[in-house]
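Below is one structure, written out as structure tokens; the observations come after it.
The values are calculated or read from the model by the stated rules, or taken from the named source; none is laboratory data. Since the model is a prediction, treat every value here as computed from it, not as a measurement. Here the Cβ positions follow ideal geometry from the backbone for every residue, glycine too, while neighbour counts run over all protein chains shown.
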Amino acid sequence: MKPGHLVGFFYFKKVNLSIMDKRTFLKNFSILSLGVLPNIQALGKFVESYQHVSLDDLAEDEDFWAKVREGYRLNPDYINLENGYYCMMPEETLEHYIKHVRLINYEASHYMRTVQFENRNEIRKRLAELAGCSYDELVITRNTTESLDLVIGGLPWKSGHEAIVAEQDYGAMLNMFRLINERYGVITKRVSLPNHPESDKEIVKLYEDQITNNTKLIMISHLVNISGQVLPVKKICDMAHSHGVEVMVDGAHAFAHLDFKISDLNCDYYGTSLHKWLSAPLGCGFLYINKDKIEKLWPLFAEDVKPQDDIDRLNHLGTTPVHVDLGIANAIDFHKAIGAERKLKRLQFLKKYWTEKLKDHPKIEINTPWEEERHGAIANVLVKGMMASEISKILMDKYSIWTVAINRPNVHGIRVTPNLYTSLNELDQFVKALDEIAS
């Protein structure tokens with residue numbers, strides 16, 4: 001087929017790069033990879049046409065969100081209410097990601113030896129702008145676990161030092177603290193978070209009561225992955241700093257979900273996964289390190305000699321799937337077209353919509369706070385007298401509703417995570433199914 005090739009369902013125009021000089025290629029590739037794309041511009045114009053509608057009203061406007069839903073390819077075999085693990089890419093982002101894969105495969109080492117790092121740095125700058133931090137305080141990683149484990153493993157621990165974590169924190173990081181206990185003799189102290197705290201003060205005090213002269217680090221979740229509870233990050237950071245203790249934040253479920261800037265949190269370290277709520281390709285995240293903290297961290301992999309306060313010395317990755325980096329740019333475009341405030345309001349409304357229908361059910365228990373400032377989209381629910389695994393299996397086998405079972409300290413139930421494409425009709429089906437199971 002001339003002048004292009006048909007591969008599967010994707011038409012890839014053949015380009016004779018042998019007649020293109022390097023400068024032309026770099027310019028064209030940069031525009032392709034990092035520019036705002038036509039369909040995203042159309043989405044932006046559609047969103048702008050609703051500027052006159054309040055955020056609260058727009059969150060409940062099914063016509064608006066049905067249009068957004070059209071941008072996703074959804075599996076008709078089940079209702080997906082487990083977006084917490086991985087938020088699928090909208091088709092626009094996916095198609096451009098596939099294009100990046102094909103073009104980099106076509107260019108091979110020519111891309112890797114010319115614009116690889118230039119493009120990665122441009123995306124890094126865009127991420128830093130979106131996150132609200134300085135470019136020289138952020139590096140791109142593969143996920144939250146890699147980001148935070150780099151900090152946990154890189155701090156100058158000594159025997160007898162203490163770290164404070166929560167029973168409800170993510171297992172991979174708790175495992176890393178176990179390793180530094182075995183290696184350095186670091187003591188890990190655990191608190192247990194209430195599912196329905198009375199106030200921010202209650203949460204802050206939980207951590208403060210565990211601080212001693214040996215405490216060096218507190219790890220907190222910005223949004224607890226198993227329950228959906230949002231913690232008062234800045235208040236915890238301010239308290240910890242008053243005691244000379246650093247704070248590391250697990251932001252896996254908060255970034256591009258909640259509306260915030262890292263500069264407002266006053267934390268020392270922040271890690272997140274971009275394939276969650278930014279809906280970027282699988283296998284990307286970032287790590288923020290306060291500029292003053294960079295020089296004391298030990299890298300995971302050796303890098304060329306760089307200044308001790310240069311964050312790049314902590315980010316040697318070897319050869320990486322660079323097409324994933326380029327997909328981040330497209331995910332940022334989609335996120336900005338929707339708007340962070342609109343996105344959060346819709347996600348909070350979806351959680352509130354179904355939990356309000358079930359909160360007074362005598363056999364159902366909601367393990368997520370009710371207050372708007374304490375939750376986003378994620379919630380955890382239990383049918384009393386049943387195992388979470390049993391509930392999730394019935395939901396999938398009988399009702400074709402996909403969720404995940406959670407069985408962790410103080411949080412037992414199924415995690416329910418809608419996304420922007422989730423309709424109220426789907427949530428009504430879920431509510432009806434859970435009511436029948438409970439009955």
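Here are the numbers:
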| item | result |
| --- | --- |
| Identity of the residue in the range 392-405, touching a Ser or Thr at 6+ places or on another chain (Cβ under 8 Å) and not small (G, A, S), that ends up farthest from I364 (Cα to Cα) | M396 |
| Matching helices (runs of 4 or more DSSP H) fully within the range 95-188 where at least 2 residues are surrounded by 19 or more Cβ atoms within 10 Å (Cβ to Cβ) and either assigned by TED's automatic domain parsing to the domain that holds P307 or of a type in the set (S, T, N, Q) (or both) | 116-131, 144-154, 171-184 |
| Residue among R142, R73 that is at pLDDT 95 or above and in contact with a Gly (Cβ under 6 Å, 6 or more places away or on another chain) | R142 |
| Residues that are among the charged types (D, E, K, R) and out of contact with any helix residue (DSSP H, G or I) (no Cβ under 8 Å at 6 or more places or on another chain), drawn from the range 385-417 | E390, K393, D397, R408, R415 |
| Output for the range 147-186, where each listed residue is in contact with an Asp or Glu (Cβ under 8 Å, 6 or more places away or on another chain) and farther than 22 Å from I203 by Cβ | A172, M176, V186 |
| Of all residues in the range 214-263 being touching a residue at least 40 places away in the same chain (Cβ under 8 Å) and small (G, A, S), the one that is farthest from I378 (Cα to Cα) | S263 |
| Filter result for I40 (part of a helix (DSSP H, G or I), within 22 Å of N143 (Cβ to Cβ) and in contact (Cβ under 8 Å) with a residue 12 or more places away in the chain) | no |
| Any chance G385 is in contact with a Ser or Thr (Cβ under 9 Å, 6 or more places away or on another chain) and on the phi > 0 side of the Ramachandran plot | no |
| Criterion violated by T319 - all others in (1) modelled with pLDDT under 95; (2) of a type in the set (S, T, Y); (3) not assigned by TED's automatic domain parsing to the domain that holds N143 satisfied | (3) |
| Selection status of Y269, in contact (Cβ under 8 Å) with a residue 60 or more places away in the chain, within 27 Å of H96 (Cβ to Cβ), aromatic (F, W, Y) and in contact with a Leu (Cβ under 8 Å, 6 or more places away or on another chain) | no |
| Lone qualifier among V381, V404, V411 - being buried (at least 22 other Cβ atoms within 10 Å of the Cβ), within 25 Å of P194 (Cα to Cα) and in contact (Cβ under 8 Å) with a residue 60 or more places away in the chain | V411 |
| Among (1) surrounded by fewer than 17 Cβ atoms within 10 Å (Cβ to Cβ); (2) at pLDDT 95 or above, the one test that S439 misses | (2) |
| Condition broken by A340, with the remaining ones in (1) surrounded by fewer than 19 Cβ atoms within 10 Å (Cβ to Cβ); (2) among the aliphatic types (A, V, I, L, M); (3) touching a Ser or Thr at 6+ places or on another chain (Cβ under 8 Å) satisfied | (3) |
| The range 107-119, residues that are among the charged types (D, E, K, R) and either farther than 13 Å from T319 by Cα or touching a Ser or Thr at 6+ places or on another chain (Cβ under 8 Å) (or both) | E107, E118 |
